[in-house]
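Participant: Have a look at this one before I ask anything.
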Amino acid sequence: MKLNQSIAISENGFIFNPATGDSFTLNNTGMQVVSLLKSGKTIDDIKETLTAEYDVDTMILERYLQDFISDLKRNNLLLEE
Amino acid sequence: MECRKINVGITGLNNIDSPGPGMPVIRGIKESPCFDARIIGLAYDHLEPGIYMKEWVDKTYMIPYPSKGKDALFERIKEIHAREKLDLIIPNFDAELFSFIKLESQIDQLGIKTFLPTLEQFEERHKSNLPGYGKKYGVDVPKSEEAFSLNDLSNILRSFQFPVMVKGKYYDAYKAYSPEQAQAYFIKLSAKWGYPVIVQEFVDGTEVNVIALGDGKGNVISAVAMRKQYITDKGKAWGGVTISDVSMLELTHKIISQTKWRGGMELELIRTTDNKLYILEINPRIPAWVYLAVGAGQNLPEALVKLALGMEVKPYTSYEIGKMFIRYSWDMIVDIDMFSKLVTSGEL
C-alpha cells in the first residue's frame, strides 16, 4: 500500500484530493500515521513506532490503526500497490 | 498588448440566488488586457441586480421576453445597436438562445458578432434528447423520458424506480420519492417552463461539472473541472473547487471534438461510487460559476470574445487546481429614481 501521490497534505493536518475535490482534517495522531506512510513506512513499522511512543494496549492500537487505514483506503487516499 | 475598444451586449444580469452568468462574464471581459469594453446590459426584468452595478455595466436596455418572439427581439436589438454600435452580443440564458441562434445571420448583417452553437447542436443536447445523444456519441447518460401530460407521467413512472428526478424544460429539477410528489412537481414545472417535463433516473454520486469553450471546429479552447462543495436548495453551487480529473476533461474533449461544439458550455456530471461518469445535462452556454475558471487561469469570456471577433485564440492547456469560489450576496442601495427611469424609459 502507498499513499496517493496526488494528494496535498498541509502541516496542520488538512488533506486535499485534487482529483475529487474531497478534503479531510486529521488529528495529531492521524497526521503522524499519514506522515509515516508518506515517508515509506509499512503498517508494521508504524505500529512499532506508535507502540514505542504511546502508552497503549497493542490490541487496541491495532484495531484503531486498521480502522484508520480502512478510512484512508475508502477515501482513495491510500492505494493498493 | 494593444487594447481593443469594444461594445458588448450581455444578458443574464440576474445576479440573484440562482444567478445568471452575465456578471461573471463581464468580470472576465473587464479584466482582459486585450479589451477596453463598454458593457451594454440587456435585461428582461427591472430588478436584475447587474442593471444597477454601474461599475460593471455601463448602460442597460430592457429587451422583450423570449415569449414575445424573435422578431420583437430583433427590432429591439436594431434600436439598441443604432445607439450603441454593438460589436458583439453574448446571450447567457438557455431560454433565449433559440431566438438568438435563429437571428444569428440577421444580427451578423447588422455588424454584430455572436459565438453560438448551431441550431442542431443546441437541439440535440436538450435534456429530453439526452438518451439519443448518449447513444450517438457513446457517453453514459441516465435513463430519461419526456412527459407532456399527467397521463404520460403516470405511464412513464411505471418503468422507473423511485426516487426519480423531475426536471423543467430549461431549468429547475426536483427529486420525487412517490408518484404524488412527481405529479406535484410536474404541475409546478410545466406551469413555469412549459412542456415537456423530463423524468430522469436518479443517479447517486458526487456532482461535478466542467465549463468549456469549443471553437466550432472540434477544438477545446478552454476546459475547467469543478466539484460543487455547497449546493443551495435550488441546486446551485454556492461554493466549488477546481479539480484535476483527467476522465472529466477527456469526456469534454470527446464531446466537443465529436459535435464540433461552438461556444460556451457546461457539462453537469455525476460520478458514481463505482467511479462511472454520467452526463446529467449539457447546458449550451457559459455557467454562472465561470469566474472560477478565470480565477484558475482560463479567462473563458475573453477567449469567447476573441473567437466571436475572429481573433486568434490559443487553447488553454492547464489551470490551477484547488482554487475555490465562494458566492456571496450583497445588498445595494439604489435610488428609486434609477428604478423609475428604467421602468418608464426601458433603459438606464
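Participant: Considering all alpha-carbon pairs of region B:143-201, what whole percent are spaced by more than 13 angstrom?
Facilitator: Details: 818 of 1711 pairs.
Counting every Cα pair in region B:143-201, those more than 13 Å apart make up 48 percent.
Participant: Return the inverse of the average 1/r over all pairs of distinct C-alpha atoms in the protein assembly as shown, which is the Kirkwood hydrodynamic radius, in Å to one decimal. The partial results should precede the final answer.
Facilitator: Details: mean 1/r = 0.0418 Å⁻¹.
Hydrodynamic radius (Kirkwood, Cα pairs) of the protein assembly as shown is 23.9 Å.
Participant: Taking neighbour counts of Cβ atoms within 10 Å as a proxy for exposure, in what order, fewest first, do B:338, B:226, B:165 appear? Each step should come with its number before you reach the end.
Facilitator: Details: B:338 13, B:226 27, B:165 21.
Lowest count first: B:338, B:165, B:226.
Participant: Next up: What is the sum of charges, Lys and Arg at +1 and Asp and Glu at -1, for the other residues whose Cβ falls under 14 Å from the Cβ of residue B:238? Show your work: numbers first, answer last.
Facilitator: Values: positive: B:227, B:228, B:234, B:236, B:327; negative: B:17, B:207, B:233.
Every neighbour counted, the sum reads +2.
Participant: How far apart, in nm, are the 7 Å Cα→Cβ label points at residue B:171 and residue A:44?
Facilitator: Once both label points are built, they end up 6.2 nm from each other.
Participant: Related question: Rounded to whole Å and sorted largest first, list the principal axis extents of the Cα atoms in region B:15-110.
Facilitator: 32, 31, 20
Participant: Quick one: A:73, B:306, fewest Cβ neighbours within 10 Å first, how do they rank? Please list the in-between numbers first.
Facilitator: On the way: A:73 14, B:306 20.
Going from least to most buried by this count: A:73, B:306.
Participant: Further question on the same structure: Could you compute Rg(Cα) / (2.2 N^0.38 Å) for chain B, with N its residue count?
Facilitator: In units of the 2.2 N^0.38 Å rule of thumb, it is 0.98.
Participant: Using only the alpha-carbon atoms, how far is helix A:28-38 inclined from the longest principal axis of chain A? Give it as 0 to 90 degrees, nearest 10.
Facilitator: 70
Participant: Starting from the Cα of residue B:217, draw a straight line to each of the aspartates and glutamates and keep only those under 14 Å, dropping any in the same chain fewer than 8 residues away.
Facilitator: Within reach: B:312.
Participant: Remind me, what semi-axes does region B:197-251 give for its equivalent ellipsoid, largest first in whole Å, using sqrt of 5 times each Cα gyration tensor eigenvalue? Let's see the in-between values first.
Facilitator: Working: eigenvalues 107, 50, 28 Å².
Largest first, region B:197-251 gives 23, 16, 12 Å.
Participant: Compute the orientation-averaged projected area for region B:290-337 from the convex hull of its Cα atoms and round it to one decimal in nm².
Facilitator: Values: hull surface 23.1 nm².
The Cα convex hull of region B:290-337, projected and averaged over all directions, gives 5.8 nm².
Participant: Given the DSSP H assignment, sum -39500 (n - 2.57) over each helix run of at least 4 residues in chain B and divide by its residue total; what's the result at 222 nm in deg cm²/dmol, nearest 500? Each step should come with its number before you reach the end.
Facilitator: Numbers: 11 runs with 116 residues, N = 348.
Here the helix-only value at 222 nm equals -10000 deg cm²/dmol.
Participant: To the nearest 10 degrees, how steeply does helix A:58-74 sit against the main Cα axis of chain A, on a 0 to 90 scale?
Facilitator: Long axis of A:58-74 versus the principal axis of chain A: about 10 degrees.
Participant: From Cα coordinates alone, what are the radius of gyration and Dmax values for region A:1-68 in angstrom?
Facilitator: Final numbers for Rg and Dmax: 12.7, 38 Å.
Participant: Could I ask something else about it? Could you tally the net charge around residue A:28, taking each other residue with its Cβ under 13 Å from the Cβ of residue A:28, Lys/Arg +1 and Asp/Glu -1? Provide the component values of the computation, followed by the final result.
Facilitator: Working: positive: none; negative: A:11, A:53.
That sum, taken over residues with Cβ under 13 Å, equals -2.
Participant: Another question about this same structure. Quote to one decimal, in nm, the extra length available between residue B:102 and residue B:272 on full extension: 0.36 nm per residue of separation minus the C-alpha distance between them. List each step's numbers first, then the result.
Facilitator: Values: separation 170, 0.36 × 170 = 61.20 nm, distance 3.77 nm.
Contour length minus Cα-Cα distance gives 57.4 nm.
Participant: How large is Rg/Rh for region A:40-79, to two decimals, with Cα atoms and a Kirkwood Rh? Could the numbers behind the result be given before it?
Facilitator: Details: Rg = 10.7 Å, Rh = 10.7 Å.
Checking Rg against Rh, the ratio lands at 1.00.
Participant: Here's another thing I want to ask about it. For the pair residue B:18 and residue B:110, what calculated FRET efficiency results from E = 1/(1 + (r/R0)^6), where r is the Cβ-Cβ distance and R0 = 30 Å, to the nearest 0.05?
Facilitator: The pair residue B:110/residue B:18 has a calculated efficiency of 0.40.
Participant: How tilted is helix B:179-193 with respect to the longest principal axis of chain B? Cα atoms for both, answer in degrees (0 to 90, nearest 10).
Facilitator: The angle comes out at about 20 degrees.
Here, each number is a calculation from the coordinates, and none is a lab measurement. A quick note: this is a predicted structure, and the numbers were derived from the prediction, not measured. A quick note on method: Cβ atoms are made from the backbone with ideal geometry, for glycine too, and the neighbour counts reach across all protein chains shown.
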